[in-house]
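First up is the structure itself, then whatever we jot down about it.
The values are calculated or read from the model by the stated rules, or taken from the named source; none is laboratory data. Being a predicted model, the structure only gives us computed values, none of them experimental. Reconstructed Cβ throughout: ideal geometry from the backbone, glycine too, with neighbour counts over all protein chains shown.
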Amino acid sequence: MTAVADYMALARSGRRDVAFHGLLELEDEALPELEAAFRRESDTSVRSILVKAIWGHRQPVSIPFLAQAIADSSTEVWQSALDGLVTLASPRALLALKIAHETATPSRRPWIAEAIEQVSAVVEQDGLEVGRG
């Protein structure tokens, strides 16, 4: 078994905090494995832990994954992805949020609109251009 599989087993057994911190401490090279585990996982709580661990690595390469996860049917999962895009505030994250806003359900739009405002403020403050970064 890999470390990711071991932590997933811990999460499924109810030791979610231990699993989350273990996943967070993995090297960034584990991100593709974490994303693959997310796609295979059916337990919503475990999927949310994976999303949080992925954005917790704070790697911009995770933005496309988060842009997909924000469309998840589970509130726990899509809100975790939303938090990640805000945390990784950048022009790429802003673009992902704007696209998500266009296709979001009416109940999600206010949440995403607020995230757009937050990320826009960071992008503007840092003098970044949308379409870059």
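Numbers for the structure displayed
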read-out	value
Some residue of region 111-124 being closer than 28 Å to Val4 by Cα, polar (S, T, N, Q), at pLDDT 95 or above and in a helix (DSSP H, G or I)	no
Close pairs from region 61-74: first under 14 Å from Ser107 (Cα atoms), partner of a type outside the set (Phe, Trp, Tyr), Cβ under 6 Å, at least 6 apart	Ile70/Ala81; Ile70/Leu82; Ile70/Ala100; Ser74/Thr44
Within region 9-48, considering residues that are polar (S, T, N, Q) and touching a residue at least 24 places away in the same chain (Cβ under 8 Å), the one nearest to Ile70 (Cα to Cα)	Ser48
When residues of region 100-110 are limited to those that are part of a helix (DSSP H, G or I) and touching a helix residue (DSSP H, G or I) at 6+ places or on another chain (Cβ under 7 Å), the one nearest to Ser62 (Cα to Cα)	Ala100
Test: Ser45 is of a type in the set (S, T, N, Q) and touching a Lys or Arg at 6+ places or on another chain (Cβ under 7 Å)	yes
Answer residue from region 61-97, given it is small (Gly, Ala, Ser) and outside any helix (DSSP H, G or I) and is surrounded by the fewest Cβ atoms within 10 Å (Cβ to Cβ) among those	Ser73
Residue under evaluation Ile54, criteria (1) more than 21 Å from Arg15 (Cα to Cα); (2) buried (at least 22 other Cβ atoms within 10 Å of the Cβ); (3) touching a Gly at 6+ places or on another chain (Cβ under 8 Å); (4) not small (Gly, Ala, Ser), criterion not met	(1)
Residue among Ser48, Ser13, Ser42 that alone is surrounded by fewer than 18 Cβ atoms within 10 Å (Cβ to Cβ) and closer than 18 Å to Glu76 by Cβ	Ser42
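Here is a yes/no grid of residues against (1) among the polar types (S, T, N, Q); (2) closer than 25 Å to Ile99 by Cβ:
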| site | (1), (2) |
| --- | --- |
| Arg16 | no, no |
| Leu24 | no, no |
| Ser48 | yes, yes |
| Ser74 | yes, yes |
| Val77 | no, yes |
